[in-house]
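> Could you have a look at this structure, given as structure tokens, before my questions?
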Amino acid sequence: MSDAVMFDARPDGIAVITLNRPDTRNCLSGEVRAGLFAAWDRFERDPALRVAILTGAGGTFCAGGDLKEMVATGMRVPPRHMFPVPYDTVELTKPTIAAVHGAAFAGGWMIAQACDLCVASTTATFAVTEVKVGRSSPWASPLIHMIPQRIMMEILLTGKPIDAQRAYEIGLVNRLAEPEQLLATAMDLARQILVGAPLSVQAAREIVMLATEMGRSAALQAARHAAVPCYESDDAQEGPRAFAEKRPPHWAGA
């Protein structure tokens, strides 16, 4: 992995992935994209890592795609697998948290949106700026499951930034934090996830995604199927046993 993306595998099961090109506002250049693909793959493959936090160095989350690269290559429609988007072009089964400070514009919004949860600094700003540079934002379509239609329409049609407070009000952001507490707040959220049984957490996020993609009856049926490995696991016996014995559970992840 290059130094364009830093990877911190913590002993508590949290991976901190940091975009590390502050001189270019962490834009999604070729080296950053390659580093991020490698980081997500490392996170998914390591059974000791259960939650990932994505953030940016130098006071900016990510200012978007590399416009200079687009000009130099004459890029028209971006290749399908050009950008490392969690749960889309990157296969992940574990929870992810975006920790956003500074700008999350265009492609920066895209990768923050793709994470399961989002914590934002009070000084963060979000924008889908494609209309200002003649590009498009098909990746923004899942926003309809996160925020109201008319708000989504305004954000995409105007390209104007919204501040962190507005992002929190419309449901794009889970938690706000003062800038110096951003990573600590994301860590706290990650640790709350770590308390849960691994297979239960995996089933829970799968149920949420099924519910956004299916009608009510189909989602119920699919969710019941997705929950079976959790119910049949050893942890499903350990949880009630630990509760009855008034002790913390010891999760095996199986």
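> Report, by residue number, each residue of the range 177-203 that is in a helix (DSSP H, G or I) and either open to solvent by less than 40 Å² (accessible area, probe 1.4 Å) or among the β-branched types (Val, Ile, Thr) (or both).
Scanning the range 177-203 gives Leu182, Thr185, Ala186, Met187, Leu189, Ala190, Ile193, Leu194, Pro198, Val201, Ala203.
Each row is one residue, and each column tells you yes or no for (1) in contact with a Gly (Cβ under 7 Å, 6 or more places away or on another chain); (2) of a type outside the set (Lys, Arg); (3) free of Cβ contacts under 8 Å to residues at least 12 places away in the same chain; (4) open to solvent by less than 30 Å² (accessible area, probe 1.4 Å).
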site	(1), (2), (3), (4)
Ala52	no, yes, no, yes
Thr60	yes, yes, no, yes
Arg76	no, no, yes, no
Arg80	no, no, yes, no
Thr93	no, yes, no, no
Gly102	yes, yes, no, yes
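> Turning to a different aspect of this structure: Here are the criteria: (1) open to solvent by 70 Å² or more (accessible area, probe 1.4 Å); (2) at positive phi; (3) in contact with a strand residue (DSSP E or B) (Cβ under 7 Å, 6 or more places away or on another chain). Tell me which single one Lys246 does not satisfy.
Exception for Lys246: condition (3).
> Considering only residues of the range 215-243 that are open to solvent by 100 Å² or more (accessible area, probe 1.4 Å) and not in a helix (DSSP H, G or I), which is farthest from Met146 (Cα to Cα)?
Asp234
> (1) open to solvent by less than 70 Å² (accessible area, probe 1.4 Å); (2) in a helix (DSSP H, G or I); (3) touching a strand residue (DSSP E or B) at 6+ places or on another chain (Cβ under 9 Å): which one isn't true of Thr212, the others all being true?
Here Thr212 clears every test but (3).
> Next question, about the same structure. Please pick out the residue among Asp88, Asp66, Asp41 that is more than 24 Å from Gln165 (Cα to Cα), in contact (Cβ under 8 Å) with a residue 40 or more places away in the chain and in contact with a Cys (Cβ under 6 Å, 6 or more places away or on another chain).
Asp66 is the lone residue from the list that is more than 24 Å from Gln165 (Cα to Cα), in contact (Cβ under 8 Å) with a residue 40 or more places away in the chain and in contact with a Cys (Cβ under 6 Å, 6 or more places away or on another chain).
> Could you check how many residues of the range 135-155 are open to solvent by less than 70 Å² (accessible area, probe 1.4 Å) and either more than 23 Å from Leu54 (Cβ to Cβ) or in a loop (DSSP other than H, G, I, E, B) (or both)?
Of the residues in that region, 4 qualify.
The values are calculated or read from the model by the stated rules, or taken from the named source; none is laboratory data. Treat the numbers as computed from the prediction; the structure is a model and nothing was measured. For neighbour counting, all protein chains shown are included, and Cβ atoms are generated from backbone atoms with ideal geometry for every residue, glycine included. Ligands, DNA and RNA are excluded from the accessible area calculation, which covers all protein heavy atoms including side chains. Shrake-Rupley method; radii C 1.70, N 1.55, O 1.52, S 1.80 Å.
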